[in-house]
Amino acid sequence: MISMMNLRLGLLAFCIVGSAQAFSADLFKVAPYTLKHTNGQLLLNFQLNEDKKLVIEDGQKIKRSFEYKKGIHYQTELGKEECGVSKDLRIRDTGTNEVVFTKNYEGLSCTEGSRAPDYTFGFISDTQQYKDRHEAIAQVIAYHHSMDPLQFLINGGDVVQNGQKDEQEWIEYFLGGKAYLMDVPQIAAIGNHDYRGHKIDYALPKFFQKYMRWEGSPANGNLFFEMPGFQLVIWNSNVGDLKSDEEDQMWTWLEQKMQAAQKSNTPLIFVTHFPVYSSSLNKFTSFAVMKLRRKLVPMVEKYGVKLVLSGHTHMYERSFKDGVHYLVAGPAGGRVNKPTFKNPYVQKFDSNALTFTKVKYSNRTLKIETFNQDNTLIDQLFLNL
């Protein structure tokens, strides 16, 4: 349950973030949100409840003027992020000239020389199942974003409970997370629930593709980002939904990325829905987890990967083994679970917490703080990359 003091903090945060932007709630079926593209673009997404001719503007520059139809999911490139350059996004109704949505996306600060700028990003997972729980974490995220703007937010997968059975679950996800989704660019891994109801073998589920990816994104669900100061791999650990040759190619690709990162002395952070180490025995994922332990663990240890982020178990847990930190998010919407296995590598554990993890990057170090649904700090780690 959320304490009244922290609930007020969350509501205040929503007012702070929300008051900076115009927003016509009745017009949008899916409120505007952005995805972070691997090429550095921000991708604006939304759906309307009615047909409307709109103009999308970035400052004084018109990005797109179009007759938008209700119920159609639209995606528009906003341009690449540049240091020291913010984006003033405005969506305007051409009939009434009313501004129906505005948002300022703050650019990273510029630094001299080769040092990457300081910045903050977030990590959550398992936003499925219970809208009120998602809303609780959404308020925590919005509060922290108002205090220290998040450049992006990683979702570790299981975005919704039944990814391909009922599209309305996706609409509920966007409603539940509106407090942060309108403000923070998203990056999502794909979880097993995001496949649920999917009938086409060896293809990315169409609703996940529709809402969390873009035209031309890798069919295997993996993503690779060159972030300031480190590289980021988003990995599809649903091996049962991949062709064997496709999976082999993925492992080859991953090792090449890790080799290149090590050679260039560039830190790499790895995100996968299924955790490598946890206090959960789940018969439905044991095959995937065993494969991660057999193939991924030797690679991250060999190539000096320091941080692996996961979800799935619905229990917050941080483990450490042979120089690698494994952080498993508590649910950000799903039910909490109890431990069924003794994890010999566990450093911190909380089976009652919904969680949001805030990561501050500064000069090849990470300050990692995890907060529960009451906005209480439950774990902290300082990590040299």
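The values are calculated or read from the model by the stated rules, or taken from the named source; none is laboratory data. Since the structure is predicted, the reported quantities are computational estimates derived from the model, not experimental observations. Methodologically, a virtual Cβ is constructed for each residue, glycine included, from the backbone with ideal geometry; neighbour enumeration extends over all protein chains shown.
Looking at this structure, is residue 308 surrounded by fewer than 22 Cβ atoms within 10 Å (Cβ to Cβ), free of Cβ contacts under 8 Å to residues at least 60 places away in the same chain and under 24 Å from residue 187 (Cα atoms)? For residue 308, the condition - surrounded by fewer than 22 Cβ atoms within 10 Å (Cβ to Cβ), free of Cβ contacts under 8 Å to residues at least 60 places away in the same chain and under 24 Å from residue 187 (Cα atoms) - is not met. Looking only at region 240-258, which residues are of a type outside the set (D, E, K, R) and surrounded by fewer than 18 Cβ atoms within 10 Å (Cβ to Cβ)? Selection gives 240, 244, 249, 251, 252, 253, 256.
Is it fair to say residue 276 is crowded, with 21+ Cβ neighbours inside 10 Å, of a type in the set (Val, Ile, Thr) and under 21 Å from residue 229 (Cα atoms)?
Numbers: crowded, with 21+ Cβ neighbours inside 10 Å: yes; of a type in the set (Val, Ile, Thr): yes; under 21 Å from residue 229 (Cα atoms): no.
No: the conditions fail for residue 276.
Of the residues in region 32-45, at least one is aromatic (Phe, Trp, Tyr), closer than 22 Å to residue 221 by Cβ and part of a strand (DSSP E or B). Only residues that are surrounded by 18 or more Cβ atoms within 10 Å (Cβ to Cβ) and in a loop (DSSP other than H, G, I, E, B) were counted across region 318-332, and they come to 4. Scanning region 200-225 for residues that are free of Cβ contacts under 8 Å to residues at least 24 places away in the same chain and outside any loop (DSSP other than H, G, I, E, B) yields a count of 1.
Residue-level analysis places residue 197 outside the set of residues that are touching an Asp or Glu at 6+ places or on another chain (Cβ under 7 Å) and either modelled with pLDDT under 95 or not β-branched (Val, Ile, Thr) (or both).
Would you check if there is a residue in region 209-224 being in contact with a His (Cβ under 6 Å, 6 or more places away or on another chain), in the same structural domain as residue 251 (by TED's automatic domain parsing) and buried (at least 24 other Cβ atoms within 10 Å of the Cβ)? No, the conditions are met nowhere in region 209-224. Selection of region 333-384 for residues being crowded, with 21+ Cβ neighbours inside 10 Å and part of a loop (DSSP other than H, G, I, E, B) yields 333, 334, 353, 354, 355, 372, 373, 375. Filtered by the rule that a residue be surrounded by 16 or more Cβ atoms within 10 Å (Cβ to Cβ), under 16 Å from residue 42 (Cα atoms) and β-branched (Val, Ile, Thr), region 82-131 gives 91, 102. Residue 50 meets each of the listed conditions (1) part of a strand (DSSP E or B); (2) farther than 30 Å from residue 118 by Cα apart from (1). Cβ separations smaller than 6 Å between residues 6+ apart or across chains give the following pairs from region 247-266 residues that are more than 11 Å from residue 299 (Cβ to Cβ) to residues that are in a helix (DSSP H, G or I): 247/239. Of the residues contained in region 70-81, one or more are found to be over 22 Å from the mean Cα position of the chain (by Cα), over 20 Å from residue 152 (Cα atoms), not in a strand (DSSP E or B) and not aliphatic (A, V, I, L, M).
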